[in-house]
Structures are given as C-alpha cells and as structure tokens.
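Trainee: Shown below is the structure under consideration.
Taken together, the values in this text are just the output of simple stated rules run on the coordinates, not laboratory data. As the structure is a computational prediction, the values presented were derived from the model and not from experiment. Heads up, the Cβs are rebuilt from the backbone with ideal geometry, glycines too, and the neighbour counts pull from every protein chain shown.
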Amino acid sequence: MRRCLGLLVLLLATGCGDGEMESPAAPAASTREATLIDRDGDGALERGPGEQLRDRVEVGGGGRPGEVLVMLAQLTDTQVRDEESPARVPFLDRLGGAFSSTFRPHEALSPQVLARAVHAVNRLEPDAVMVTGDIVDSAAQAELEQALAVLDGGRVDPDTGAPGYAGVQRASNPDALIFRPDLDAPRRPGLLAAAARPFSSPGLDAPWFPAPGNHDLLVQGETPPTARIDAFATGGQLTFSLDPEDLPSDVSGIDSAAAVDALLADGAPGRAEPVPADPRRRHLRPDELLERLTGRAGAPAALRAARGRETLDYAVGLGRDGAAAQALVLDTVDRRGGSRGLVRPAQLAWLEAELARAAGRPLLVFSHNRLDTSAGGAEALALLDRTPNVVAVVAGNSHRNRIRPRPTARGGYWQISTSSLADFPQQARALRLRRTPSGYALETWMIDHDGRGLAGTARELAYLDAQGGRPQGFAGAPSDRNARLFVSSP
C-alpha cells in the first residue's frame with residue numbers, strides 16, 4: 001500500500017497530471033562528470049554536477065595512485081522479471097515489511113533497464129564485469145533467457161504467454177493500489193505494449209562473472225521451487241488479490257515452500273482471472289540455473305571450471321595475463337529459503353585454500369550477500385582479516401550504496417555494497433585498482449545508464465516509488481558512491 005499511495009501522492013504534489021514524463025538530459029558516462037539530481041524536490045530528475053572521488057584512509061595507506069592494475073564494473077540486483085507470471089505476488093505489496101518489494105510501478109521494464117546499463121558499462125571499457133546476484137527476479141526459465149540475451153547480446157523478447165501484456169497493471173484491474181500506466185498519473189498510454197516488444201542488446205563487451213543471489217535460485221527470492229508452484233506458474237490463472245485471512249500472521253520460522261504448497265492445493269487463491277499459460281515460466285532448480293550460467297556459450301574459463309559444483313565458488317585472475325590481481329567469488333544463497341546469506345564449512349575451507357594460493361596478489365572478494373550479515377560470514381571475514389593484500393569485499397543484495405572500513409591487525413580493507421537496477425538509483429559501480437607507494441588504491445564511482453527509451457521512464461517511476469525510490473536513500477551518502485579507498489600492503 002505504501003508503495004502505490006506514496007507514488008500517487010508524489011505525482012499529485014508535482015502536478016504531473018495526465019501528461020507524459022519528460023526524461024532529463026542524458027547523464028554523463030560517469031557520475032564523476034555529472035549526476036542526476038532533484039534540485040527543487042519536485043520529483044523530476046535533472047542533470048547536476050559531478051561527484052569527485054573522496055580520499056578515504058581509515059584503514060591506512062595513501063600516496064599518489066600510480067599504475068592501473070585492473071578495471072572492473074559491477075552490476076547487481078538486475079532482477080529481470082516476468083511481470084506476467086502467475087507465480088508473482090504483487091498483491092502482497094500493500095502489506096509492507098518483508099513484502100514491500102513484490103510490486104514496482106516500473107516492473108515491466110527490467111530488461112530494458114539492464115540493456116541501457118550494459119551500454120553504460122561498455123563505455124567504461126572494463127577488463128571484466130562482476131554480476132553480484134539476483135540476475136533474475138524469481139528463478140524462472142523465461143527470466144533467465146531474457147537476462148542472458150541482454151548480457152551476452154542478441155534479440156531480447158520480454159513477452160511471455162500470448163502476445164501482449166496480461167498482468168496486474170492492465171487498465172481493467174480495479175485495484176487502485178496498483179499503478180496502471182494507461183489510467184493513473186503520470187499516464188503513459190501504450191507503455192505496457194511497448195515493454196513487451198522485442199529489442200536487441202549489444203551484450204557486454206567484457207567477460208562477465210556471476211555470483212548467484214537468492215532471487216536466482218528461489219521463487220521470489222524466498223521459497224524453494226516445488227512441482228505445485230511450477231504448475232501454478234505455468235498455468236492459466238493469475239491472482240489479482242488475496243484475502244488477508246489466507247495469510248499467516250507471523251512468517252518468522254515458517255516453512256515457506258510447505259505454506260505456499262498448502263495455499264495452492266485447491267487451485268488459484270483469491271480473485272483470479274484467466275491468462276495465457278506458458279511452460280517457460282517454470283522455475284529452474286539451483287543446479288539447472290548454475291549449469292546454464294557456467295555452461296553457456298562464451299562463458300569464461302574460470303566460470304566453466306566451476307561447472308557441476310554444488311555451490312558456485314571460483315577464482316578469477318584479473319588484469320594483464322590474469323596475474324595483476326585475484327577475484328574470489330562466493331555463492332551465499334541458502335537453498336532452504338530466505339534472503340539471508342549463508343557460507344558453509346566447505347566454502348570456508350575452499351576460501352582458506354584460495355587465499356593461500358593468491359599470496360602476494362591484491363585480492364577482491366565478490367558475493368551477493370554481505371558477509372557481515374550472513375551466517376558463517378564472520379568466519380569468512382576472520383580468514384580475510386588474517387590475509388595480506390585483501391583490498392575489498394564487494395556485495396549486492398541490500399539495494400543500497402555503502403562503503404565501510406574493516407580495520408584489522410594488518411591495517412584493514414573495505415566492505416562495499418552497491419545499489420540495484422531494480423530500484424532507484426539504477427546504477428552500476430566502477431572499480432579501478434591502482435598501485436600506490438604504500439599499497440593499493442581502489443577507485444570506485446557510480447555509473448548511470450543513459451535513460452534512453454523505456455529505461456528513462458523506468459528510472460523516473462523508480463525515483464517516485466515510495467518504497468524503492470528517493471525516500472529510502474538507497475543512493476547512500478557521497479562517500480558511499482565515489483571514493484578512492486586506500487589500503488596498505490605489507
């Protein structure tokens with residue numbers, strides 16, 4: 001409820017009426033040159049000044065940065081979604097709390113946003129791109145096909161079911177708490193039809209390396225897939241609303257797969273309407289999804305080497321001849337359900353061995369979940385604390401830009417999380433590693449997509465969204481975005 005009511009209040013306050021939103025001037029390729037701001041607080045974005053790198057020396061180091069060792073980009077929480085799938089639960093959004101991201105007013109535009117982010121990342125010319133999880137929204141085959149087409153390049157078909165839109169944002173839905181672009185301010189007649197049209201993506205120019213997220217392996221990022229959920233997802237009944245009495249009053253500690261199975265046992269719950277069925281909406285099991293990531297045509301050798309593993313943990317050599325730096329990728333998804341991260345004992349043993357193998361090289365660790373909020377993460381961080389040359393631990397999941405120092409007896413390193421493409425500010429992160437006289441400097445800054453086409457509309461709606469937009473502060477403070485992070489080296 002807060003999401004859509006907040007959206008409507010903001011739109012009415014800004015006097016948008018029934019007119020179409022105008023996209024701001026295209027941002028620069030780097031937020032170091034220009035940013036997007038709401039100068040007068042009227043809900044409309046405009047081009048603003050750039051944000052320069054802020055030197056941060058809380059864990060030691062310093063000096064003039066020299067040789068560039070590696071240039072990386074990070075994309076995270078892209079959450080490409082099949083907004084027409086019967087397995088989605090947008091009607092729960094009004095309950096808030098844990099359910100507050102089950103509907104977004106721009107949800108039909110996720111592949112277009114990712115495609116424009118790909119264009120922006122390509123302008124950076126990185127050596128590699130780290131994609132830190134939640135590539136898709138709900139572990140669905142159709143979602144992964146769309147996401148891979150955008151990331152690898154080719155024809156992208158965002159439509160599922162029969163041609164045309166058949167989801168909860170249709171004009172015939174009487175639920176005024178769902179944003180219907182053909183009816184509600186700011187009116188965008190034809191937006192949903194445009195969102196369903198195929199388009200082409202250039203794909204990433206650099207090799208990309210995924211770390212799986214909970215939304216990649218779990219239904220809606222929370223529930224292990226089951227045969228009954230698959231039958232509902234691929235069937236022809238879409239639930240538009242649900243009686244609150246059908247919901248548990250307390251979801252803590254609940255077996256979500258069993259609860260959902262019980263709810264679906266008698267067919268579509270609540271007010272449902274017929275929609276075209278589609279077998280591509282089935283949910284991939286974790287081993288299937290990991291196989292599609294590691295076995296896809298063009299997958300880098302380091303990723304192919306992880307093929308067949310129970311968890312997707314692997315090492316990537318970075319920079320010239322793969323010897324300038326080392327990246328370690330950790331799979332933090334708890335297959336039992338839930339969004340909290342998990343690092344297993346076997347992964348800790350793998351991590352310890354890889355840290356020893358990388359001795360002497362600067363290290364970057366990537367995962368979907370922050371290690372300091374994951375079960376088993378404290379043990380993983382303790383291993384990193386004892387290892388020389390760790391520069392940063394980089395994550396997604398929180399949808400928030402955040403940079404915090406982690407002091408250690410050796411000096412310390414940085415914990416970085418990055419905002420999502422699913423919510424405002426819809427940015428990628430640049431990561432440039434350089435030598436300094438006393439160690440290393442990790443220069444990081446945010447990258448806006450250019451807002452062309454439907455991606456511009458998506459960003460405007462995301463900004464106005466009360467649950468995922470400007471009120472939430474997901475963009476973080478300036479020091480969480482563009483910074484020069486120094487670390488000392490033994």
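Trainee: Quick check: pseudo-label points 7 Å beyond the Cα along Cα→Cβ at residue 340 and residue 356, how many nm apart are they?
Mentor: 3.1 nm
Trainee: Something else now. Could you work out how far helix 110-124 tilts from the main Cα principal axis of the chain, as a 0 to 90 degree angle to the nearest 10?
Mentor: Once rounded, one gets 20 degrees.
Trainee: Rank by packing, highest mean first: peptides 51-57, 430-436, with packing defined as the count of other Cβ atoms within 10 Å averaged across residues. Can you show the working numbers first?
Mentor: Working: 51-57: 16.0, 430-436: 21.6.
For the peptides 51-57, 430-436, the packing ranking is 430-436, 51-57.
Trainee: Karplus couplings for segment 424-434 from phi (6.51 cos²θ - 1.76 cosθ + 1.60, θ = phi - 60°), rounded to Hz, Gly and Pro as x?
Mentor: Rounded to whole hertz, the list is 4, x, 6, 10, 9, 10, 8, 9, 10, 9, 10.
Trainee: Quick one: Cα centre-to-centre distance for segment 207-230 and segment 37-91, in angstrom?
Mentor: Value for the Cα centre distance between the two parts: 24 Å.
Trainee: Expressed in nm to one decimal, what extension gain is obtained for the pair residue 297 and residue 310 from 0.36 nm per residue of sequence separation less their Cα-Cα distance?
Mentor: Details: separation 13, 0.36 × 13 = 4.68 nm, distance 2.06 nm.
Extra length from residue 297 to residue 310 when fully extended: 2.6 nm.
Trainee: Can you tell me the relative contact order of segment 276-380? Whole percent, Cα pairs under 8 Å, sequence separation 6 or more.
Mentor: On the way: 134 pairs, mean separation 22.9, N = 105.
Once divided by the residue count of segment 276-380, the mean separation gives 22 percent.
Trainee: Shifting gears a bit: Taking square-rooted eigenvalues a ≥ b ≥ c of the alpha carbon gyration tensor, is segment 138-244 rounded, prolate or oblate, where a/c under 1.5 means rounded and, failing that, a/b exceeding b/c means prolate? All intermediate terms of the calculation are to be shown ahead of the outcome.
Mentor: Values: a/c = 2.05, a/b = 1.22, b/c = 1.68.
Taking the square roots of the gyration eigenvalues as a ≥ b ≥ c, segment 138-244 is oblate.
Trainee: Most exposed first by the Cβ proxy, i.e. fewest other Cβ within 10 Å, how do 83, 145 rank?
Mentor: Numbers: 83 25, 145 17.
Listing 83, 145 from fewest to most nearby Cβ atoms yields 145, 83.
Trainee: Taking R0 as 30 Å, what FRET efficiency do you get between residue 125 and residue 385 from their Cβ-Cβ distance, rounded to the nearest 0.05?
Mentor: Values: r = 34 Å, r/R0 = 1.12.
Between residue 125 and residue 385 the formula returns 0.35.
Trainee: Follow-up. Can you match Kirkwood radius over Cα pairs in Å to one of these, (1) 25.6; (2) 24.4; (3) 22.8, based on a calculation from the structure here?
Mentor: (3)
Trainee: Grab the beta carbon distance between residue 226 and residue 52, set R0 = 51 Å, and tell me the FRET efficiency rounded to 0.05.
Mentor: Numbers: r = 51 Å, r/R0 = 1.00.
Here the calculated transfer efficiency is 0.50.
Trainee: Then there's this: What length, rounded to one decimal in nm, is gained on full extension from residue 37 through to residue 287, with 0.36 nm per residue of separation minus their alpha-carbon distance? Mind dumping the intermediate values first?
Mentor: On the way: separation 250, 0.36 × 250 = 90.00 nm, distance 4.24 nm.
Stretched fully, the residue 37-residue 287 segment lengthens by 85.8 nm.
Trainee: Continuing with this model, one more query. Specify whether the C-alpha gyration tensor of segment 339-490 places it in the rounded, prolate or oblate class, a ≥ b ≥ c being the square roots of the eigenvalues: rounded for a/c under 1.5, otherwise prolate if a/b is larger than b/c and oblate if not. Don't skip to the answer; put the middle values down first.
Mentor: Numbers: a/c = 2.52, a/b = 1.66, b/c = 1.52.
Verdict is prolate for segment 339-490.
Trainee: Further, regarding this structure: Taking the 0 to 90 degree range and rounding to the nearest ten, how far is the long axis of helix 141-152 tilted relative to the main principal axis of the chain, both from C-alpha atoms?
Mentor: Value to nearest ten degrees: 50.
Trainee: On a C-alpha basis, how far is the centre of segment 354-401 from the centre of segment 415-490 in Å? Whole number, if you could?
Mentor: After rounding, the separation between the Cα centres reads 19 Å.
Trainee: Once both axes come from the Cα atoms, what is the angle between helix 454-464 and the longest principal axis of the chain, in degrees from 0 to 90, rounded to 10?
Mentor: Tilt relative to the chain: about 90 degrees.
Trainee: Collect residues whose amide H, placed 1.01 Å from N in the peptide plane, falls under 5 Å from the amide H of residue 211; neighbours closer than 5 in sequence don't count.
Mentor: Placed amide hydrogens put 131, 132, 133 under 5 Å from residue 211.
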